[in-house]
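The values are calculated or read from the model by the stated rules, or taken from the named source; none is laboratory data. Predicted, not measured: the structure shown is a model, and the values here were computed from it. Note that we place each Cβ from the backbone using ideal geometry, even for glycine, and neighbour counts take in every protein chain shown.
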Amino acid sequence: MIGSYIKTSRRNLLHNKLFSFINIVGLAISMSVGLLLIAFVLDLYSYDRFNKDGDRIYRITSVLTPNRKQSGSRSSGKFATTSIKTGKLIRQKVTGIDEVAIMHNDFSQDAKVGDNILPIKGFWADPSLFRIFTFPMLEGNPETALKDPYSIVLTETAAKKLFGNQSALGKAINVNTVDYQVTGVMKDVPFFSHINFEALVSLSTAEQLNRNDNNFEKWTNMSSNYVYLRLPEHADMASIQSQLDAIAKEENLAEDDMKIQLELLPLYSIVVGENLRRSEGGAGSTGPHMSPVVLWILSGLALIVILSACFNYTNLSMARAMRRFKEVGIRKAIGAEKSQVWQQFLAEAIMISLAALVLSYLIFLVLRPQLINLAPEMQRTVKLHLALPMVIAFIIFSVTVGVIAGFMPALFFSKVSAINALRNVSTVKVFKHVTLRRALVVIQYTLTLIFITTTAIGYVQYKNILAFDLGFNTENILNINMQGNKPDAFMKELSEMPEVTALSRSLIVTSVGNAWGGHMKYNDSRDSALVLTNHVDENYLTLHEYKLIAGGNFRARPTTADAVSEVIVNQQVLKRFNISADNPEKAIGEQITFSNFNIHNRKMTIVGVLKDFHYGKVDNLIEPVAFMAWTPGDRAIINVKLQSKDILATRAKIESAWKKIDRVHPFKAEFYNEAIEDAYSEFSAMIKIIGFLSLLAISIASMGLFGMVAFTTETRLKEISIRKVMGASSGSLIYLLSRGFLVQLSISALIALPVTYLFFENVVLTNFPYHTPVQIVELLVGLLVVLLIAFLMIGSQTMKAAKSNPVEVLKSE
């Protein structure tokens with residue numbers, strides 16, 4: 001019986017080549033999107049699965065809540081990091097845990113072996129890390145490799161870069177004039193690991209280097225510290241959580257400004273899970289991250305494209321009903337049951353879907369590099385390489401699509417009785433006066449219009465974001481990361497270039513997502529707020545054209561961080577603390593108290609007030625910001641203002657100057673406007689994806705419409721011929737044949753455009769407080785594109801039918 005189904009299906013496909021072509025190509029195009037999504041999701045869920053006890057590994061997250069009057073949107077939330085003290089307290093006090101590992105994430109140094117110097121990045125970690133994670137050691141003892149101070153474990157690749165083919169074990173590496181002994185060489189970290197590093201240094205080393213820093217192991221110092229636990233099988237999670245709560249309660253008693261709660265996060269929920277925030281002045285979650293909401297959105301978009309192709313199959317199957325009714329009638333007359341007819345049509349749909357799978361895989365191979373190169377972060381997150389689980393998922397997906405596409409036609413034809421086998425299928429109703437085919441066309445084009453309109457609105461909003469007035473100038477400014485080098489010599493080189501018109505120094509580049517900050521107080525010692533900061537020199541404000549509305553620039557030029565005593569604030573600081581907000585001049589000379597992980601309750605004087613500007617991205621409200629004086633002990637970003645007819649040549653000239661002062665580190669520089677574009681790369685990537693899906697959706701819908709018109713005009717050729725004999729013009733015939741489709745497109749537009757408008761205004765753009773309103777042109781552009789394509793599809797077939805010779809059509813009558 002199955003062989004008969006396959007043979008009959010093959011004959012039907014070959015006999016109806018246009019029908020088969022439209023469905024196979026349409027399904028292949030849509031399924032390629034599904035294949036990309038499947039590969040993407042499988043890669044994301046592959047993270048950390050190489051760990052032997054991955055289902056028993058957890059990371060400690062910190063939930064920070066402000067105390068008393070403390071405010072600020074960044075002052076609270078859930079953080080990926082925690083304190084070193086937290087890890088030690090858990091090790092001492094919490095029962096029911098197998099292992100505890102502590103990691104500190106700021107080891108980024110130049111490792112020197114003889115004349116060979118290599119920039120190397122990694123973590124400070126304790127020995128239990130190797131007992132929790134499955135990182136196989138090639139040389140050395142994992143139990144003792146990270147035990148003693150100044151011990152370092154290299155990955156296989158890092159060891160080869162430093163020592164060549166020689167064994168690295170036992171040899172010395174010089175880092176900042178201090179020798180570290182190589183106590184182990186491990187296999188390279190797998191690609192699908194949320195932790196990535198080239199070296200691990202014993203945590204005891206960091207403890208020695210920071211032995212005079214009281215803040216290093218402070219309960220509230222969450223900057224760049226990670227704590228991992230391995231629990232026993234069938235662990236009592238409630239008991240462990242209650243013990244964590246007890247630790248937090250005890251430690252929070254000594255804190256006035258904030259309270260910290262501790263939670264357990266499963267290892268497999270780190271990459272695909274809740275978006276955790278970054279700690280003040282420190283790093284956020286290690287490795288890649290994808291919100292489940294984003295995956296659901298992408299899945300929904302892919303499903304819409306796939307359903308569009310499935311609608312094509314249903315529509316075309318219904319349009320071909322007249323041809324298939326006799327076949328169904330004969331089958332039932334000779335004894336075929338409903339289930340056998342149903343299985344026949346379902347088998348045909350699955351065969352088309354499997355044929356489409358082959359073509360969709362070829363499209364997948366073409367699209368895969370495009371997706372990976374869509375954004376720099378994508379290259380570091382997924383590979384999309386074919387593997388056995390992926391192949392199985394592809395086949396299951398193909399069969400599922402076939403069942404979805406063929407379900408309605410199979411159900412419909414199986415219910416046809418032999419007596420009524422010649423009745424017109426178009427009389428089947430979904431609602432009163434609405435045929436099934438018309439309803440599917442309306443749904444299909446509604447979704448297509450939503451796609452196109454979303455792309456148009458999103459693109460306009462994205463361009464508006466890039467062109468948004470940040471409150472300072474970013475044009476032709478090149479930001480150069482000094483990567484630990486002292487900036488004076490390089491700035492001297494730059495100042496001698498005629499293309500360089502101004503130079504300044506800063507700690508970070510603002511408005512691209514970077515953040516540094518601390519807590520500020522004014523008169524009330526119980527009232528503190530998080531204030532974002534940057535350390536800048538005396539030339540920074542002028543170079544970037546910030547607007548001073550009161551006071552002036554820094555008067556002192558401190559050479560050490562302890563000597564910094566002046567602060568320039570924006571208007572939001574005055575509003576937050578009610579410091580003469582209506583008259584900024586009166587704020588000059590007022591004193592505030594500032595604290596962060598480097599500074600403790602330091603009195604500073606306000607010497608200037610800036611007009612509000614965007615320190616963060618424009619999807620955030622303008623927040624309180626304070627500028628402090630840059631000192632030689634700070635990390636340096638050199639800001640270079642250029643005036644040149646050939647900016648790229650000037651950049652190359654600056655890079656040549658860089659190589660004179662640093663032959664080890666590659667030149668790291670980015671134009672400010674490019675950095676802003678990179679900051680919104682996720683938004684840009686999403687628009688590109690939706691735009692691509694829009695193109696697919698309209699292509700599939702257009703193919704379906706072409707097939708529908710072709711079959712409809714074919715069934716009405718005699719009617720058209722009679723009308724022509726009676727004197728009907730070609731124009732009136734085109735109107736007659738296209739009227740129904742244009743009405744359906746109009747209904748789609750009446751549904752899609754208001755839905756898209758309301759979705760953007762009430763959902764999407766509410767996350768962008770400074771967005772521009774949606775314009776009518778953005779809404780209509782998608783409709784015009786769809787109407788143009790629809791006219792071409794409908795017009796080509798109806799014109800062909802209208803020009804047919806009535807004599808040839810009616811000669812058999």
Can you work out which of the residues in region 613-628 that are in a loop (DSSP other than H, G, I, E, B) and touching a helix residue (DSSP H, G or I) at 6+ places or on another chain (Cβ under 7 Å) is surrounded by the most Cβ atoms within 10 Å (Cβ to Cβ)? Pro624
For region 534-552, does any single residue satisfy the condition of being part of a loop (DSSP other than H, G, I, E, B) and aliphatic (A, V, I, L, M)? no
If Ser699 satisfies all but one of (1) closer than 30 Å to Thr772 by Cα; (2) assigned to a helix (DSSP H, G or I); (3) in contact (Cβ under 8 Å) with a residue 60 or more places away in the chain, what's the number of the condition it fails? (1)
Restricting to region 650-666, give me the number of residues that are among the basic types (Lys, Arg) and either assigned to a strand (DSSP E or B) or buried (at least 17 other Cβ atoms within 10 Å of the Cβ) (or both). 1
State all residues of region 217-242 that are out of contact with any helix residue (DSSP H, G or I) (no Cβ under 7 Å at 6 or more places or on another chain), within 30 Å of His519 (Cα to Cα) and in contact (Cβ under 8 Å) with a residue 60 or more places away in the chain; if no residue qualifies, say none. Thr220, Asn221, Met222, Ser223, Ser224, Tyr226
So is Thr144 surrounded by 22 or more Cβ atoms within 10 Å (Cβ to Cβ) and assigned to a loop (DSSP other than H, G, I, E, B) or not? no
Here is a list: Ile647, Ile676, Ile698. Which entry is buried (at least 20 other Cβ atoms within 10 Å of the Cβ) and either in contact with a Lys or Arg (Cβ under 8 Å, 6 or more places away or on another chain) or at pLDDT 85 or above (or both)? Ile676
Being part of a loop (DSSP other than H, G, I, E, B), more than 25 Å from Ile465 (Cα to Cα), out of contact with any strand residue (DSSP E or B) (no Cβ under 7 Å at 6 or more places or on another chain) and of a type outside the set (Gly, Ala, Ser) is the requirement here; does Arg555 meet it? no
I'd like to know if region 202-224 contains one or more residues that are assigned to a strand (DSSP E or B), out of contact with any Lys or Arg (no Cβ under 7 Å at 6 or more places or on another chain) and assigned by TED's automatic domain parsing to the domain that holds Gly114. no
Counting only residues in region 565-584 that are in a loop (DSSP other than H, G, I, E, B) and not hydrophobic (A, V, I, L, M, F, W, C), the one nearest to Ile549 (Cα to Cα) is identified as Asn583
Scan of region 743-800 for residues that are in contact with an Asp or Glu (Cβ under 8 Å, 6 or more places away or on another chain) and farther than 11 Å from Ile457 by Cα, ordered by number: Asn767, Phe768, Pro769
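Matching residues to (1) outside any loop (DSSP other than H, G, I, E, B); (2) at pLDDT below 65; (3) in contact with a His (Cβ under 8 Å, 6 or more places away or on another chain); (4) crowded, with 16+ Cβ neighbours inside 10 Å:
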| site | (1), (2), (3), (4) |
| --- | --- |
| Ala283 | no, yes, no, no |
| Val293 | yes, no, no, no |
| Ile297 | yes, no, no, no |
| Ser308 | yes, no, no, yes |
| Arg331 | yes, no, no, yes |
Among the residues in region 235-250, are any outside the structural domain of Gly517 (by TED's automatic domain parsing) and within 30 Å of Arg380 (Cβ to Cβ)? no
For region 495-511, which positions are under 19 Å from Leu541 (Cβ atoms) and of a type in the set (A, V, I, L, M)? Val500, Ala502, Leu503, Leu507, Ile508, Val509
Positions within region 612-651 being within 29 Å of Ser495 (Cβ to Cβ) and of a type in the set (D, E, K, R), in sequence order: Asp634, Arg635, Lys641, Lys645, Asp646, Arg651
Options Leu736, Leu784, Leu765: the member that is in a helix (DSSP H, G or I), free of Cβ contacts under 8 Å to residues at least 40 places away in the same chain and more than 14 Å from Leu449 (Cβ to Cβ): Leu736
Pairs under 8 Å by beta carbon, first residue over 22 Å from Tyr680 (Cα atoms) in region 374-389, partner in a loop (DSSP other than H, G, I, E, B) and hydrophobic (A, V, I, L, M, F, W, C), six or more apart or different chains? Lys383/Phe191
Identify all residues within region 366-385 that are surrounded by fewer than 14 Cβ atoms within 10 Å (Cβ to Cβ) and of a type in the set (A, V, I, L, M, F, W, C); write none if there are none. Val366
Would you call Val509 within 28 Å of Ala111 (Cα to Cα) and β-branched (Val, Ile, Thr)? yes
Per-region count, region 465-495, residues modelled with pLDDT under 90 and assigned to a helix (DSSP H, G or I): 2
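Let's see how each residue does on (1) under 38 Å from the mean Cα position of the chain (by Cα); (2) of a type in the set (Val, Ile, Thr); (3) more than 17 Å from Phe130 (Cβ to Cβ):
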site	(1), (2), (3)
Glu156	yes, no, no
Asn165	no, no, yes
Ala172	no, no, yes
Val175	yes, yes, yes
Val178	no, yes, yes
Val185	yes, yes, no
Ile195	yes, yes, no
Look at region 754-770 and say how many of its residues are surrounded by 11 or more Cβ atoms within 10 Å (Cβ to Cβ) and either closer than 18 Å to Leu470 by Cα or of a type in the set (Phe, Trp, Tyr) (or both). 6
Quick one: in region 619-644, which of the residues that are at pLDDT below 95, of a type in the set (D, E, K, R) and in contact with a strand residue (DSSP E or B) (Cβ under 8 Å, 6 or more places away or on another chain) is nearest to Gln483 (Cα to Cα)? Asp634
Give region 78-117 a look and list any residue that's part of a loop (DSSP other than H, G, I, E, B) and either touching a residue at least 40 places away in the same chain (Cβ under 8 Å) or among the hydroxyl-bearing types (Ser, Thr, Tyr) (or both), or say none. Ala80, Thr81, Thr82, Ser83, Val94, Thr95, Gly96, Ile97, Asp98
Residues (aliphatic (A, V, I, L, M) and within 22 Å of the chain's Cα centre (by Cα)) located in region 612-626: Val618, Leu621
